[in-house]
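Presented below is the structure to which this report refers.
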Amino acid sequence: MGKITVENVTSAASNAFNSFARNKSYVIPGIYDLEVEDTNWVLTSSFIIFTMQTGFGLLESGCVSVKNEVNIMMKNIIDVVLGGFTYWIFGYGLSFGRGSLSNPFVALGDFLIDPGVDDPLMGQIFAAFLFQLSFSTTATTIVPAGWVWGEHGFLRNLGVVDIAGSGPVHLIGGASAFASAAMLGPRLGRYSHGNDPLPLGNPVNACMGLFVLWWGWLAFNSGSTYGISGSKWIYSARAAVMTMLASFGGGFWSVMYSMIRNDGKVDILDLINGILASLVSVTAGCFCYGAWEAILVGFIGSILVCFLAPIFDKMGVDDPVGASAVHGLGGIWGVISVGLFADNPKPLGTTNGRTGLFKGGGWYLFGIQCLAALCLLSWGILSTFILLYIINKIVPIRMDPNEELLGADLMEHRVRHNAIGLSRALSALIPIDVELREMMNVPKIGHNPGHEKCLATIREQIEEHQNWISNEQSPPPKKLRRRSKPKSTLVKKSAFSSKRRSPRALSFGTLSYEKDKNYSPNLILRRGGHIIPADRDSVAQRNEFMPTISSRVDKQNGTQFAWID
């Protein structure tokens with residue numbers, strides 16, 4: 001028998017891996033070439049990137065009307081559920097599959113990916129899938145991601161550089177937003193008072209969404225080094241710093257722009273969109289820039305969005321959150337800026353040894369970046385138009401006008417908000433659409449319908465006593481109790497005693513009425529030792545006499561009281 005040596009073992013392992021790679025279609029050495037520390041970094045970044053869904057949900061719900069904010073949050077949930085599920089079924093395979101039918105336009109293979117425990121690449125495959133999944137739930141990146149990042153992609157093979165997705169993530173998302181908004185049409189009454197943005201539904205939510213996205217962007221960009229082994233950790237740190245510097249540049253411009261435009265006041269949406277545009281812009285070349293270059297890229301991205309975003313409204317494209325401008329225009333600039341400012345991040349080879357036009361690299365990289373921007377923009381708009389056209393033939397993509405006036409929260413999720421004019425809208429629309437009558441019975445959020453019934457009964461009792469006082473009728477019975485109610489409204493346990501009692505109506509204590517010589521002939525109401533003239537105005541009587549539920553017992557009279565505190 002031959003002697004076993006380290007060289008023999010290494011050679012055998014190498015041969016086994018090569019045999020495995022030839023016979024398994026989903027082995028992509030580039031995307032699965034992960035060390036242990038790389039896998040930790042990729043997984044951690046994936047978890048953080050996933051929180052960007054929270055940021056998008058907060059930002060979007062804060063920018064739309066209150067009556068649609070729940071619907072926006074539901075949209076983001078469904079985006080993860082259905083988007084993630086379909087990405088596992090076929091999206092990942094169309095982006096990074098290695099089937100025999102893969103071509104420069106689309107990959108084919110690795111559908112329903114699920115490596116077994118005997119697969120030597122199981123950990124790397126799951127880590128790579130989760131990382132790409134976190135990107136995919138942010139935007140419809142399936143085919144363009146393959147063009148730019150897949151080994152089969154024609155743009156990648158031409159030498160396109162997009163580190164974290166200004167193109168296949170943000171540009172595709174912005175182009176899809178533009179096509180969708182154009183097909184959907186503006187909201188009812190959107191331009192009745194000009195092209196100025198409508199009031200935000202919840203400005204605080206919008207600002208919170210910005211902070212969550214800001215946080216997620218650090219993992220989005222620095223995690224795209226795809227590990228920290230070797231020299232990757234160096235450029236990961238650089239990517240994080242350049243991302244922040246770019247956002248400083250964009251934020252600085254948006255503050256100046258907004259103050260000039262609004263007489264010294266800062267508009268919330270101007271600031272949010274200016275910062276987001278700078279983050280989108282720096283994403284493509286995040287670790288290929290120096291400090292001043294990153295600041296300049298973010299600064300210009302913010303300028304483009306602040307000046308060009310109003311054009312979309314002039315075109316009649318109603319985009320409540322400005323995604324068409326922020327992600328579309330910012331994405332185009334982000335892809336092109338790599339061809340101008342990128343340096344060669346040795347030894348990673350991200351740019352294939354090339355540098356940007358302003359770094360003495362010539363026109364090739366700049367030309368390829370422009371071609372990529374054009375391809376991605378065209379694909380995003382065209383594919384979205386085709387898909388929505390087909391969907392619209394099956395299920396209308398626009399709400400009925402009556403339903404739009406009432407809001408998607410009520411009509412699609414049976415969520416009725418307070419103080420947003422729904423009662424007025426219902427009273428106006430019900431004679432037109434009888435089917436809306438059931439919406440009158442939807443309870444308002446944050447209210448206990450049982451409490452409303454209790455308060456109505458209390459109010460009725462107080463009104464009866466006020467009428468008796470004003471009419472100087474004979475005194476009522478000394479002990480007043482609430483009228484009998486159906487069993488469903490009775491309480492099993494007294495709110496005013498620790499003892500458990502059988503079901504009964506709430507008692508409002510002992511109220512005694514008498515004449516007082518000092519105030520005769522006016523009636524005096526005596527309660528708990530306090531004497532108050534009965535000729536007080538009705539508001540004062542309501543405030544002083546109207547009982548409410550409180551967990552205390554009037555020990556002086558030995559009765560249980562319900563008080564207003």
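A few points about this structure:
- Hull volume in cubic angstrom per residue (convex hull over the Cα atoms of the stretch 372-457): 150
- When you work out D = kT/(6 pi eta Rh) for the stretch 53-201 at 37 °C and 0.692 mPa s, using the Kirkwood radius from C-alpha pairs as Rh and the Stokes-Einstein form, the result is 189 µm²/s.
- Each principal axis of the stretch 136-271 carries a Cα extent, and these read 55, 34, 24 Å when sorted largest first.
- Of every Cα-Cα pair in the stretch 75-133, the percent that sits beyond 15 Å: 54
- Order of exposure, largest accessible area first, which applies to D162, D433 with probe 1.4 Å: D433, D162
- Note on T457: accessible area is roughly 10 Å² with a 1.4 Å probe, heavy atoms of protein only.
- Most to least packed among 247-255, 217-225, 83-91 [average Cβ atoms within 10 Å]: 217-225, 247-255, 83-91
- Taking the inverse of the mean 1/r over every pair of distinct Cα atoms in the stretch 310-438 gives a Kirkwood hydrodynamic radius of 19.3 Å.
- Listed residue pairs exceeding 31 Å between alpha carbons, taken from K265/K314; K232/K265; K75/K453: K232/K265; K75/K453
- The stretch 310-361 versus the stretch 224-281: alpha-carbon centroid distance in Å: 13
- Along each principal axis, Cα extent of the stretch 366-408, largest first, Å: 50, 21, 10
- Peptides 378-387, 59-68, 121-130, ordered by how many other C-beta atoms sit within 10 Å of their residues on average, highest first, read 59-68, 121-130, 378-387.
- Over the stretch 284-411, relative contact order from alpha-carbon pairs under 8 Å, at least 6 apart, %: 20
The values are calculated or read from the model by the stated rules, or taken from the named source; none is laboratory data. From a predicted model like this one, the values you see are computed outputs, not experimental measurements. Note that each Cβ is placed from the backbone with ideal geometry, even for glycine, and that neighbours are counted across all protein chains shown. These area figures cover heavy atoms from the full protein model, side chains too; ligands, DNA and RNA do not enter into them. Shrake-Rupley method; radii C 1.70, N 1.55, O 1.52, S 1.80 Å.
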